[in-house]
Amino acid sequence: MNKKKKPFVMLTNDDGIASPGLLALRQSFKHQYEVVIVAPATEMSAVGHAITLSDPLRVFDYSRNGEFYGYAVKGTPADCVKIGYWAILKRKPDIVISGINIGPNTGINTIYSGTVSAATEGAILGVPSFAISLGTFHNPDFTYAAKFARKLADMLLKKGLPKDVFLNVNIPACQEKKIRGVAITRQGSALYREDFDKRIDPHGRTYYWLTGQKLNKESSIEYDDGAIDQNMVSITPIHYDLTCYDFLEPLRAWKLS
């Protein structure tokens, strides 16, 4: 009698293959799923949906505690999903999961995020996908986020997603008993006040570090930031079609031709 195949998940991220968030995901999935990791060799945060065209993509086996752990790619998160899907994996994944990111990917950050862009690439390839992030940069505990990712993946494989849509998930950084539920949210639009910290290196040359603070975050649980600030898991359905349909007819009325 044939044994039923386990669902096949490709894991990736933008924090790099050595990230503890990626390890937490693998630990949560490894018993019930067939798991393959294809992740950046080093941190690739905030690279957006960049892909590598002018240099070769180098891939090498990555080991952890003396055992094969996954494929490390000297490229971006989107590169990882592409090369995993088209060249590395022996069969196509049933689901792509990107994370668990250290720090939230909400509001405008969604555009910059390499974590989110990996899930975008999964959706472009027609694979059910989601990105998952934990809303803190300090002393992250991925236990609940990894457990929630398993629950969501199980549901996603049963229910599916609309064409060209993926999910952006953000987990509040609080104890599991303090989580108030799940909110289906919109992407927020709060902007950053960005500052460039000017410094001088030992050779007298000027350089800058980008810093910033998010201002005017939405407080309603209808939005991603508002939900996690109120200890609710935020799930935002994202469509990668960037067309502003409301403006198509007004723009045609300009009669530019």
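Nothing in this text is a laboratory measurement; each read-out follows from the coordinates by a stated rule. Keep in mind that what you see is a predicted model, and the values were worked out from it rather than measured. Here the Cβ positions follow ideal geometry from the backbone for every residue, glycine too, while neighbour counts run over all protein chains shown.
What ranking do 111, 37, 132 get, fewest neighbouring Cβ atoms within 10 angstrom at the top?
The most exposed by this proxy come first: 111, 37, 132.
With a cut-off of 8 Å between alpha carbons and a minimum separation of six or more residues, what is the relative contact order of the stretch 58-174 in percent?
Across the stretch 58-174, relative contact order equals 25 percent.
Assigning unit charges at the beta carbon (Lys, Arg +1; Asp, Glu -1) and nothing else, what dipole magnitude in debye, to the nearest 20, does the chain show about its Cα centre?
Roughly 960 debye, rounded to the nearest 20.
Taking neighbour Cβ counts within 10 Å as the exposure measure, how do 61, 229 sort from fewest upward?
61, 229
Can you pull out the trypsin sites (Lys or Arg not before Pro) in the stretch 36-114 whose DSSP state is coil and whose Cβ has at most 13 other Cβ atoms within 10 Å?
Values: sites: 58, 64, 74, 82, 90, 91; in loops: 58, 74, 90, 91.
For trypsin sites (Lys or Arg not before Pro) across the stretch 36-114 that sit outside H, G, I, E and B with at most 13 neighbouring Cβ atoms in 10 Å, the list reads 58, 90, 91.
Taking only C-alpha pairs under 8 Å that are 6+ residues apart, what is the relative contact order of the chain in percent?
The normalised contact order for the chain reaches 16 percent.
DSSP loop (so not H, G, I, E, B), at most 10 other Cβ within 10 Å: list which trypsin sites (Lys or Arg not before Pro) in the stretch 108-175 pass both filters.
Counting only loop positions with at most 10 other Cβ atoms within 10 Å, the trypsin sites (Lys or Arg not before Pro) in the stretch 108-175 are 163.
Over what distance in Å are the Cα centres of the stretch 31-68 and the stretch 111-131 separated?
15
If I take the Cα coordinates of the stretch 147-234 and project them onto the principal axes, what are the three extents in Å, biggest first?
For the stretch 147-234, the Cα spread along each principal axis is 59, 27, 26 Å.
Give the order of 247, 29 when sorted by the count of other beta carbons within 10 angstrom, beginning with the fewest.
Least crowded to most crowded, the residues run 247, 29.
Say the dipole of the chain comes from +1 at the beta carbon of Lys and Arg and -1 at that of Asp and Glu; which of 122, 233, 157 then lies farthest toward its positive end?
Checked the options; the winner is 157.
Run through the stretch 185-257 and list the GluC sites (Glu not before Pro) located in a DSSP loop whose Cβ has at most 14 other Cβ atoms within 10 Å.
In loop regions of the stretch 185-257 (DSSP not H, G, I, E or B), the sparsely surrounded GluC sites (Glu not before Pro) are 222.
Note the listed values [x] 19.9; [y] 15.4; [z] 25.7, then indicate which one is mean projected area of the Cα convex hull in nm² calculated from this particular structure.
The value computed from this structure is option [x].
Please get the size of the charge dipole for the stretch 65-213, origin at its Cα centre, with Cβ charges of +1 on Lys and Arg and -1 on Asp and Glu, quoted in debye to the nearest 20. Don't skip to the answer; put the middle values down first.
Values: 19 positive and 12 negative charges, 90 e Å.
In debye, rounded to 20, the stretch 65-213 gives about 440.
Given only helices, namely DSSP H runs of n ≥ 4 each adding -39500 (n - 2.57), what is the per-residue ellipticity at 222 nm of the chain, to the nearest 500 deg cm²/dmol?
-6500 deg cm²/dmol
Under 19 Å Cα-Cα from residue 178, which lysines qualify once same-chain neighbours fewer than 8 residues away are excluded?
By straight Cα distance, residue 178 reaches 147, 151.
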